[in-house]
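The next block holds one structure in the form of structure tokens; read it before the comments.
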Amino acid sequence: MATIIKTEDGSNSIQSAQFEATYHSIHGAIQETQTVFIEAALKHKATTQNELSILEIGFGTGLNAFMTYLEALKLELQIHYTGVEAYPISEAIAKQLNYAELLNAQDKEQQFLNMHAQTNEWLECAPNFKFYKQVGQFEDITAQNQFDIIYYDAFAPSVQPELWETTMLTQMYQALKPKGVLTTYCAKGVFKRRLKEIGFDIEAIPGPIGKREMTRATKK
């Protein structure tokens, strides 16, 4: 069961009864996505390339995908976006999320809802933004050297520890192209040590409101 909650920046999130966790920081869903994924990953890579392939681990509410879509339109980026989610939310819940209103993108809200309705087929949200939602377990990802960016937005290590183990992180390393980046809100020491052991270069960068640091990992 999922319950809509409001975070401190006014944007809605979801409280998951199944995992006893919220989908976003209580300090603000939109500000968290802007800091962790748009600024630290998308804009970071967009300084050197205009075409980007993105993998999101934990599609969840669709906020990361929606904000990436809006940014792609603004910056004229060519993006292929794959969101992976094992437990998709219902369209009824998606309709209660207030992101389009707060982002002044009410005219794009239908595309946000289309992302939730679409499963295992490519959706053209715009000529420069292709979207694919894969319903399944994160552990089933077998991509090799395919993505420029990974948004690692799984539930926290305290909730789903298996998703932060070396085996899963090695799959992420293999899925990235050389010089590809993975960003996440997590900055735990054991997590960063695992990334280094796999072969990532690690940066501890300022986190969103409520978190001193976050992590950006680059494939050598």
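General remarks:
- Close pairs (9 angstrom Cβ cut-off, 6 or more residues apart or separate chains): open to solvent by less than 20 Å² (accessible area, probe 1.4 Å) in the range 74-87, modelled with pLDDT under 95 and of a type in the set (Ser, Thr, Tyr) anywhere: none
- Of Gly62, Gly28, all but one fail to be at pLDDT 95 or above and touching a Pro at 6+ places or on another chain (Cβ under 8 Å); the exception is Gly28.
- Yes/no for Phe131 being over 23 Å from Gln15 (Cβ atoms), touching a residue at least 24 places away in the same chain (Cβ under 8 Å) and in contact with a Cys (Cβ under 7 Å, 6 or more places away or on another chain): yes
- Close pairs from the range 96-125: first touching a residue at least 24 places away in the same chain (Cβ under 8 Å) and open to solvent by 100 Å² or more (accessible area, probe 1.4 Å), partner charged (D, E, K, R) and in a loop (DSSP other than H, G, I, E, B), Cβ under 7 Å, at least 6 apart: none
- The set of residues from the range 193-204 being open to solvent by less than 40 Å² (accessible area, probe 1.4 Å) and either in contact with a helix residue (DSSP H, G or I) (Cβ under 6 Å, 6 or more places away or on another chain) or not in a strand (DSSP E or B) (or both) comprises Leu195, Ile198, Gly199.
Here is a yes/no grid of residues against (1) in contact (Cβ under 8 Å) with a residue 24 or more places away in the chain; (2) open to solvent by less than 50 Å² (accessible area, probe 1.4 Å); (3) in contact with a strand residue (DSSP E or B) (Cβ under 8 Å, 6 or more places away or on another chain):
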| position | (1), (2), (3) |
| --- | --- |
| Ala17 | no, no, yes |
| His24 | yes, yes, yes |
| His44 | yes, no, yes |
| Phe59 | yes, yes, yes |
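- Looking across Thr183, Thr218, one residue alone is in contact with a His (Cβ under 9 Å, 6 or more places away or on another chain) and part of a strand (DSSP E or B). It is Thr183.
The values are calculated or read from the model by the stated rules, or taken from the named source; none is laboratory data. Fair warning: this is a prediction, and the values are worked out from it, not measured in the lab. Positions of Cβ are backbone-derived with ideal geometry, glycine not excepted, and every protein chain shown enters the neighbour counts. Side chains are part of the model used for accessible areas, which takes the heavy atoms of the whole protein and leaves out ligands, DNA and RNA. Shrake-Rupley method; radii C 1.70, N 1.55, O 1.52, S 1.80 Å.
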